[in-house]
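Single-structure report; data block below.
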Amino acid sequence: MERTLEALVGRAVDAWIAWLPRWKPATHRTRTRLCRRCIGSPFLAAAGLDGDVPHAVQHALTTRMKGIIDTVVDDYTEHNLPLLAKELRETEKRKELSYRPEVGLDPEFDGLQLDPDPVPGEPFLFTLGELAEDGGVPESLRPIELSEEEKQALRTEIRLADECADHAGRLVCLALQEHRMRAREAVQRIIEPQVDAMLDALSESLDMPPTRW
Ligand SMILES: [Zn+2]
């Protein structure tokens, strides 16, 4: 697993660096809640990007790492945890029948808040979150009650899947440390000049003397 993970992490860092030039400083408020995926992320610490780096840049990396771990855990589940695999397949089937705006997004947008925070007195006609909740699921695909024994076996499999995710997470962090230098260098070269230019423009507009007529 270690070899494969190292290669996957290397390719994901390549893809992230290739994406960096597309990043633009946000000129409007796009997100108000803290991002649970990025705050305190061990991936960002391992890559040396937990300091003063724009959130969108961090998020594009953490999401790619999460994708790698999801793939490893899915594969392990499929091959070693039959009950959990069945349960997940059935949940997936049910979800396919509903509208899911959060699925199939580019890594830069995955896991972010779907709808902006509501402004008091300005209701939305509808939100993406509400649309997603509305999907009708036929009776034949509703979950079946499990016996106590099945529940216990499923809990064991869930614990094993968690352990697999934890192990993969540690290996991903180790592999990421190898890319610290080039990740930092890419941010300094591609992102920081844009941030500096934005701050300069901002301080210039603040310093401008008031117009006298
Ligand atoms: Zn984030």
**Message:** If Gln58 satisfies all but one of (1) away from the ligand (no atom under 11 Å from the Cβ); (2) assigned to a helix (DSSP H, G or I); (3) without any contact (Cβ under 8 Å) to a residue 24 or more places away in the chain; (4) within 17 Å of Val187 (Cβ to Cβ), what's the number of the condition it fails?
**Reply:** (1)
**Asked** Which of (1) in contact (Cβ under 8 Å) with a residue 12 or more places away in the chain; (2) over 30 Å from Glu145 (Cβ atoms) does Asp52 not meet, given it meets every other one?
**Response** (1)
**Prompt:** Restricting attention to the range 64-80, does a residue exist that is within 25 Å of Ala183 (Cα to Cα), away from the ligand (no atom under 12 Å from the Cβ) and in contact with a Cys (Cβ under 6 Å, 6 or more places away or on another chain)?
**Reply:** no
**Message:** Which numbered condition in (1) within 14 Å of Ala183 (Cβ to Cβ); (2) touching a residue at least 40 places away in the same chain (Cβ under 8 Å) is the only one that Ala18 fails?
**Reply:** (2)
**Asked** From the set of residues in the range 32-55 that are assigned to a helix (DSSP H, G or I) and surrounded by fewer than 20 Cβ atoms within 10 Å (Cβ to Cβ), which is nearest to the ligand (Cβ to nearest atom)?
**Response** His55
**Request:** Inspect all residues belonging to the range 10-31 and state whether any of them is within 16 Å of the ligand (Cβ to nearest atom) and exposed (fewer than 12 other Cβ atoms within 10 Å of the Cβ).
**Result:** yes
**Request:** Just give me the residues in the range 1-37 being among the small types (Gly, Ala, Ser), more than 16 Å from the chain's Cα centre (by Cα) and at pLDDT 85 or above, in sequence order.
**Result:** Ala7, Gly10, Ala18
**Asked** Which is touching an Asp or Glu at 6+ places or on another chain (Cβ under 6 Å) and over 24 Å from Glu2 (Cβ atoms), of Leu88, Leu83?
**Response** Leu83
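The values are calculated or read from the model by the stated rules, or taken from the named source; none is laboratory data. The model shown is predicted, which means the values in this text are computed figures rather than measured ones. A quick note on method: Cβ atoms are made from the backbone with ideal geometry, for glycine too, and the neighbour counts reach across all protein chains shown.
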